[in-house]
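Q: Can you read through this structure? Questions will come right after.
Nothing in this text is a laboratory measurement; each read-out follows from the coordinates by a stated rule. Because the structure is a prediction, the values reported are computed rather than measured. All Cβ positions, even for glycine, are placed from backbone atoms using ideal geometry, and neighbour counts span all protein chains on display.
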Amino acid sequence: MMLYPPCPEPPGRARRGPAGDRDVTDCSTPSPATRGPAVAVIGAGAAGLAAARRLAGTCAVTVFDKARGPGGRLAHRRREGFAFDFGAPFFTARDPRFTAELARLRAAGIVTPWACRFAEIEAAAITHRRDWGDTPAHYVSIGRMSRLTAHWAEGLDIRQNCRITALHPAPAGWTLESEAGERFGPFAFVVLALPAPQAAALLPETSMLRATAASARMQGAFSLMLGLAAPLDPGFDAALVRDGVLSWISLCAARPGHEGGPGLVAISRNSWADDHLEDDPATIRAAMLDALAACLGETLAPVHLDLHRWRYANAPAVAGRPRLIDAANRLALCGDWTAQGKVEAAYLSGLETAEAVLARLAAS
């Protein structure tokens with residue numbers, strides 16, 4: 001039985017590569033509506049989609065992603081009548097470019113500020129409460145967090161369920177090879193919008209970007225999703241946990257536009273996850289449930305329980321900005337790990353990398 005749909009049939013034409021090569025799906029000829037060089041973006045999270053959207057007006061862009069749908073860590077899951085936003089729980093905006101984008105998204109009914117009852121927990125006790133307002137606004141996508149990236153993906157040529165495992169030099173740039181053995185290209189430029197270790201594994205030794213990605217530190221996390229038989233009211237809608245196993249707790253039903261049974265999402269502390277990343281899932285679930293019971297003052301009996309491991313959840317804030325474009329090799333990087341590890345940082349990274357790629361292509 002096929003669990004996931006196959007990588008969609010590319011619109012390009014298949015041609016025979018050099019002797020001994022597999023067929024290559026030709027992405028070098030843009031459609032009549034898009035005249036310009038072919039560019040590949042690997043990764044359909046916030047950074048990759050921001051880069052692809054900026055490039056699409058000038059270039060023939062193809063986005064490749066290993067998942068069933070765009071989103072990255074703006075993740076949503078439905079199980080047994082429950083619905084969970086189990087990745088980034090919210091995002092803020094400080095840069096005028098992202099603020100302007102959120103204004104457009106609000107007008108389109110995609111995102112909204114989350115007016116939630118917020119708490120801070122330390123030593124298993126609530127130490128602070130306040131209501132989130134508009135200063136500063138904490139945004140969520142209406143209904144599901146992945147709605148934002150689904151909106152950004154509209155109109156783009158995205159090959160889902162297509163994990164790229166190798167880049168091969170070609171006379172006209174690069175060809176890409178998938179895990180299934182498919183070849184795509186040639187591309188005049190390749191943008192890698194991936195977690196740093198995954199980008200480092202794809203980059204050739206000849207690119208100075210490989211050292212940049214290999215030296216970046218990324219942190220893990222676990223998301224525990226609980227479906228409950230009855231609504232829960234711990235006195236808050238979302239809580240920042242200052243110590244211990246957990247870092248975040250939120251009630252699913254408190255999120256704007258939520259559809260599904262009563263549920264709760266708990267996210268682990270990065271440092272704790274890094275120490276337990278390879279532990280048995282049952283051990284992780286038990287530890288997080290114990291920590292959750294301590295924070296709530298009661299032991300929950302979920303009717304549904306799910307755990308997701310984020311091997312590359314986020315990155316610590318970095319001083320300065322690493323160089324993200326290798327003009328000589330026509331390769332570029334983007335992602336939240338290059339800045340502050342936030343949704344806004346991911347969006348701006350994609351935007352800025354796309355601008356640099358466009359400038360390089362224009363110069364050539």
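Q: Quick check on the chain: helices-only [θ] at 222 nm, where DSSP H runs of length 4 and up contribute -39,500 (n - 2.57) each and the sum goes over total residues. Nearest 500, please.
A: Working: 8 runs with 89 residues, N = 364.
Calculated at 222 nm, the ellipticity per residue is -7500 deg cm²/dmol.
Q: With an 8 Å Cα cut-off and a minimum separation of 6 or more residues, compute the relative contact order for the range 32-184 in percent.
A: 25 percent
Q: Of Gly155, Gly227, Gly257, which is the most mobile in a GNM of the chain whose springs link Cα atoms less than 10 angstrom apart?
A: Gly155
Q: Please list the non-local residues whose amide H lies under 5 Å from the amide H of Val111, H modeled 1.01 Å from N, same-chain partners needing a gap of 5 or more.
A: Residues meeting the criterion, in which the H sits 1.01 Å from N, are Arg106, Ile142.
Q: Could you work out how far apart the two model spin labels at Asp243 and Ala123 are, taking each label as a point 7 Å from the Cα in the direction of the beta carbon, and quote it in nm?
A: Those two pseudo-labels are separated by 0.6 nm.
Q: Please compute the length gained on full extension between Ala328 and Asp275, using 0.36 nm multiplied by the number of residues separating them and subtracting their Cα-Cα distance. Let's see the in-between values first.
A: Working: separation 53, 0.36 × 53 = 19.08 nm, distance 3.91 nm.
The Ala328-Asp275 span can extend by a further 15.2 nm.
Q: Note the angle between two axes, namely the Cα long axis of helix 46-56 and the longest principal axis of the Cα atoms of the chain, as a number of degrees from 0 to 90, rounded to the nearest 10.
A: For 46-56 against the chain, the angle is about 30 degrees.
Q: Hey, can you grab everything whose amide H is under 5 Å from the amide H of Leu305? Only 5+ residues off in sequence or another chain; H modelled, so Pro and N-termini drop out.
A: Gly227
Q: A further question on this structure: Counting only residues 5 or more places away or on other chains, whose amide H sits under 5 Å from the amide H of Ala38 once H atoms are built in the peptide plane?
A: The answer is Ala60, Ala188.
Q: Here is a follow-up. Counting alpha carbon pairs within less than 8 Å and at least 6 residues apart, what relative contact order, in whole percent, applies to the range 151-263?
A: Dividing the mean separation by the residue count of the range 151-263 yields 13 percent.
Q: How large is ³J(HN,Hα) for each residue in the range 93-108, as worked out from phi by the Karplus curve 6.51 cos²θ - 1.76 cosθ + 1.60 (θ = phi - 60°), to whole Hz, x for Gly and Pro?
A: 9, 10, 6, x, 5, 6, 4, 5, 5, 5, 4, 5, 5, 5, 5, 8
Q: Cα axis of helix 281-296 to longest principal axis of the chain: angle in degrees, 0 to 90, nearest 10?
A: Compared with the principal axis, the helix lies near 50 degrees.
Q: In a GNM of the chain with a 10 Å cut-off on Cα contacts, which of Ala88, Ala354, Ala108 has the highest mean-square fluctuation?
A: Residue with maximal mean-square fluctuation among Ala88, Ala354, Ala108: Ala108.
Q: Dipole magnitude of the range 248-313 about its Cα centre, charges +1 at Lys/Arg Cβ and -1 at Asp/Glu Cβ only, in debye to the nearest 20? Let's see the in-between values first.
A: Numbers: 5 positive and 9 negative charges, 48 e Å.
In debye, rounded to 20, the range 248-313 gives about 220.
Q: Can you figure out the FRET efficiency of Leu307 with Thr92, using R₀ = 30 Å and their beta-carbon distance, to the nearest 0.05?
A: Working: r = 27 Å, r/R0 = 0.91.
Using R0 = 30 Å, I get an efficiency of 0.65.
Q: For the range 231-320, what is the relative contact order in percent, using Cα pairs closer than 8 Å and at least 6 residues apart in sequence?
A: This gives 21 percent for the range 231-320.
Q: Could you work out how much longer the chain between Arg79 and Arg285 gets when fully extended? Use 0.36 nm per residue separation minus the Cα distance between them, nm to one decimal.
A: Working: separation 206, 0.36 × 206 = 74.16 nm, distance 1.73 nm.
That pair, Arg79 and Arg285, stretches by 72.4 nm at full extension.
Q: For the chain, set up a GNM with springs between Cα atoms under 10 Å and report which of Ala238, Ala56, Ala230 has the largest fluctuation.
A: Among Ala238, Ala56, Ala230, the largest GNM mean-square fluctuation belongs to Ala230.
Q: Simple spin-label model, 7 Å along Cα-to-Cβ: His168 to Ala201 in nm?
A: 2.0 nm
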